[in-house]
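Asks: Could you have a look at this structure, given as structure tokens, before my questions?
Each reported figure results from applying straightforward, stated rules to the coordinates on display, with no laboratory input. Here the structure is a predicted model, which means the values were calculated and not measured. Because the Cβ atoms are built from the backbone with ideal geometry, glycine has one as well, and the counts that use them run over all protein chains shown.
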Amino acid sequence: MRAGKLFLVGVVALGVFRGAWAQRFVPNYDESKVPPYTLPDPLRFADGTPVRSAQQWWDRRRGEILELFRTHVYGRSPEPVPIRFQVLEQSPQALGGTAVRKQVRVFFTKRSQPAMDLLIYAPQGKSPWPAFLALNFRGNHAICSDPAILLPRSWMRSGPGVKDHRVTPAGRGSASSRWPVRLILSRGYALVTIYYGDIDPDYDDGFRNGVHGAFDPPGKRPGDAWGAIAAWAWGLSRALDYLEQEPLVDARRVAVLGHSRLGKTALWAAAQDQRFAMAISNNSGCGGAALSRRRFGETLWRINTSFPHWFCENFKRFNNREDQLPVDQHMLLALIAPRPCYVASAQEDLWADPRGEFLAVKHAAPVYSLLLGRRVFAVEKQPPVNQPVMDVLGYHIRTGKHDLTLYDWQQYLRFADRYLKPKSTPAAQDR
Ligand code: GCU
């Protein structure tokens, strides 16, 4: 008992110490203090020889880079599993008779937990629709005030309408500013969303709950075991497995989208799973679209200290040693090539390093150019605020804070109109 108590006190003290330590971190927001760095070249094999053709990219280089991210950054996810599902609820007359709604529970194993609830809104009329698939932070019920949305049953961190880490109806619609559902539907897209905590609760529990608990083999976790971001991304791929059998959605035209940590997740999901037709990263920052070597705003040390469960254990070796990383985040975007990919920053979101996000797009562009046989994203300088650039790689920096706003969605809808609507799927044609 005594030893147990002492241990507990130790663990708590360590947590407090770690928290205080992390708080003392002073981010660099001065461009002139960004250290000089050399990015690894996505178009050179590990042995230094150049990648000369699209064929060589597909045959060898892409696989090499994917392995590097699995080994050193996000960790290795389990193979896909056959999913089971249960339709919980559907209505052909949702949102005041303007939409179709469907809620489906997807199970990863033969057991009832863990399971994730998909909330699908689609326009009325002739399906299947191209769709945005996005994880959400605060529960499906928070995206819209529709009283028919089922409440999540999973653990949720404190916030509007959350009591003792359980969701109450008070949170309905509390995140609706981030989800312009009616606009999305009016433009001819379905929206599919899932509370990310259904896949893996976002706290450091030693990987016991969520899909980690269900799939991790017993014993010590290897350094490249999957972290939470990989788990959420894996869940997105299982959602796509389901959508392949969902008549409302055209699974070949799904854009995977995410904000912040869920933007990191969307990118890793699209990098690994080539069925995603498009990827959209909103303010994803460190470990997402931003170049790690710039150490501007959040750094690897900081992210691995504040969120020790997000990446694989091996990633921590690169804390304050960014130059030793065999990859940087432009190579994550390159893994999505030649599929359309859009990265968005916000002017006041310096923590996420807007310029580092832009530079990652720019340095991923040579891979797109090689695969598409034309110069892609011929943009030398970061565009001014509120002036999006849309090639098959897209980028904008808008005014304002770290958030997913109507302005962001308006650009994503324009981008999707170009690349996800019938007769205009250049990425598909180019392959
Ligand atoms: C923190 C974290 C970021 C992350 C963000 C979020 O700010 O440092 O890396 O993107 O949370 O997900 O909201």
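Asks: Starting from the Cα gyration tensor of the range 148-217, take the square roots of the eigenvalues, sort them a ≥ b ≥ c, and report rounded, prolate or oblate (rounded when a/c is under 1.5, otherwise prolate if a/b is larger than b/c, else oblate).
Replies: Working: a/c = 2.97, a/b = 1.57, b/c = 1.89.
Oblate shape, in that a/c is at least 1.5 and b/c is the bigger or equal ratio.
Asks: For the range 76-184, give the magnitude of the charge dipole about the Cα centre (Cβ charges: +1 Lys/Arg, -1 Asp/Glu; no others), in debye to the nearest 20. Let's see the in-between values first.
Replies: Numbers: 16 positive and 5 negative charges, 38 e Å.
Roughly 180 debye, rounded to the nearest 20.
Asks: In whole angstrom, how far apart do the alpha carbon centroids of the range 373-389 and the range 264-286 sit?
Replies: 19
Asks: What does the helix-only formula give at 222 nm for the chain: each DSSP H stretch with n ≥ 4 adding -39500 (n - 2.57), the total divided by the residues, and the result rounded to the nearest 500 deg cm²/dmol? Please report the intermediate quantities before stating the final value.
Replies: Values: 12 runs with 125 residues, N = 431.
Rounded to the nearest 500, the figure is -8500 deg cm²/dmol.
Asks: Can you compute 3J(HN,Hα) from phi for each residue in the range 56-70, using the Karplus curve 6.51 cos²θ - 1.76 cosθ + 1.60 with θ = phi - 60°, rounded to whole Hz and x for Gly and Pro?
Replies: Values per residue, Gly and Pro as x: 5, 4, 5, 6, 10, 5, 4, x, 4, 5, 4, 4, 5, 5, 5 Hz.
Asks: Just how large is the dipole of the range 42-419 about the Cα centre, in debye to the nearest 20, putting +1 at every Lys and Arg Cβ and -1 at every Asp and Glu Cβ? List each step's numbers first, then the result.
Replies: On the way: 49 positive and 35 negative charges, 51 e Å.
I would put it at about 240 debye.
Asks: Distance cut-off 32 Å, Cα to Cα: go down the list K316/K401; K163/K401; K362/K401; K220/K264; K102/K220; K126/K401 and report the pairs above it.
Replies: Working: K316/K401 29 Å; K163/K401 28 Å; K362/K401 23 Å; K220/K264 26 Å; K102/K220 40 Å; K126/K401 38 Å.
From the list (K316/K401; K163/K401; K362/K401; K220/K264; K102/K220; K126/K401), the Cα-Cα distance tops 32 Å for K102/K220; K126/K401.
Asks: Dipole size in debye (nearest 20) for the range 249-387 around its Cα centre, Lys and Arg Cβ +1, Asp and Glu Cβ -1?
Replies: Working: 18 positive and 12 negative charges, 56 e Å.
My answer is approximately 260 debye.
Asks: Loop sites only, by DSSP: take the GluC sites (Glu not before Pro) in the chain that have at most 14 other C-beta atoms within 10 Å and name the longest stretch containing none of them.
Replies: On the way: sites that count: E244, E348, E380.
It runs 1-243.
Asks: Quick one: of the DSSP bridges fully inside the chain, what percent are antiparallel, nearest 5? Before the final figure, lay out each step's value.
Replies: On the way: 26 of 54 bridges.
Among the beta bridges of the chain, antiparallel pairing accounts for roughly 50 percent.
Asks: Lys and Arg at +1, Asp and Glu at -1: add these up for the other residues within a Cβ distance under 12 Å of T109 and post the number. Before the final figure, lay out each step's value.
Replies: Working: positive: R84, K110, R111, R238; negative: none.
Summing Lys and Arg as +1 and Asp and Glu as -1 gives +4.
Asks: Give me a comma-separated list of calculated 3J(HN,Hα) values for the range 111-118, in order, Karplus coefficients 6.51, -1.76, 1.60 applied at θ = phi - 60°, integers in Hz, x for any Gly or Pro.
Replies: These are the phi-based 3J(HN,Hα) values: 8, 7, 10, x, 8, 10, 9, 8 Hz.
Asks: How far is the Cα center of the range 309-323 from the Cα center of the range 164-182, in Å?
Replies: Computed from Cα coordinates, the inter-centre distance equals 34 Å.
Asks: Could you compute the net charge surrounding D164? Neighbours are other residues with a C-beta less than 15 Å from the C-beta of D164; K and R count +1, D and E count -1. Can you show the working numbers first?
Replies: On the way: positive: R153, R157, K163, R166; negative: none.
That sum, taken over residues with Cβ under 15 Å, equals +4.
Asks: Starting from the Cα gyration tensor of the range 138-291, take the square roots of the eigenvalues, sort them a ≥ b ≥ c, and report rounded, prolate or oblate (rounded when a/c is under 1.5, otherwise prolate if a/b is larger than b/c, else oblate).
Replies: oblate
Asks: Turning to a different aspect of this structure: By the gyration tensor of its Cα atoms, with a ≥ b ≥ c the square roots of the eigenvalues, what is the shape of the range 118-157: rounded for a/c under 1.5, prolate for a/b over b/c, or oblate?
Replies: Values: a/c = 3.01, a/b = 1.91, b/c = 1.57.
It comes out prolate by the Cα gyration axes.
Asks: With unit charges on the beta carbons (Lys and Arg positive, Asp and Glu negative) and the dipole taken about the Cα centre of the chain, which residue among L151, F137, P201 sits farthest to the positive side?
Replies: So the residue furthest toward the plus end is L151.
Asks: Please report, to two decimal places, log10 I(q)/I(0) for the chain at q = 0.08, 0.13 Å⁻¹ as given by the Debye formula with identical point scatterers on the Cα atoms and no solvent.
Replies: -0.42, -1.18
Asks: Given the options V392, V379, V26, which has the most mean-square fluctuation in a GNM of the chain, springs set between C-alpha atoms less than 10 angstrom apart?
Replies: Maximum fluctuation in the GNM of the chain, among the listed residues, is at V26.
Asks: Just want the answer: with Cβ charges of +1 for Lys and Arg and -1 for Asp and Glu, which residue in G227, A239, V249 is farthest toward the dipole's positive end in the range 204-251?
Replies: Farthest along the dipole direction, towards plus: G227.
Asks: Next up: So what's the net charge close to V81: Lys and Arg +1, Asp and Glu -1, counting the other residues with Cβ under 11 Å from its Cβ?
Replies: Values: positive: R84, K110, R238; negative: E79, D241.
Result for the neighbourhood of V81: +1.
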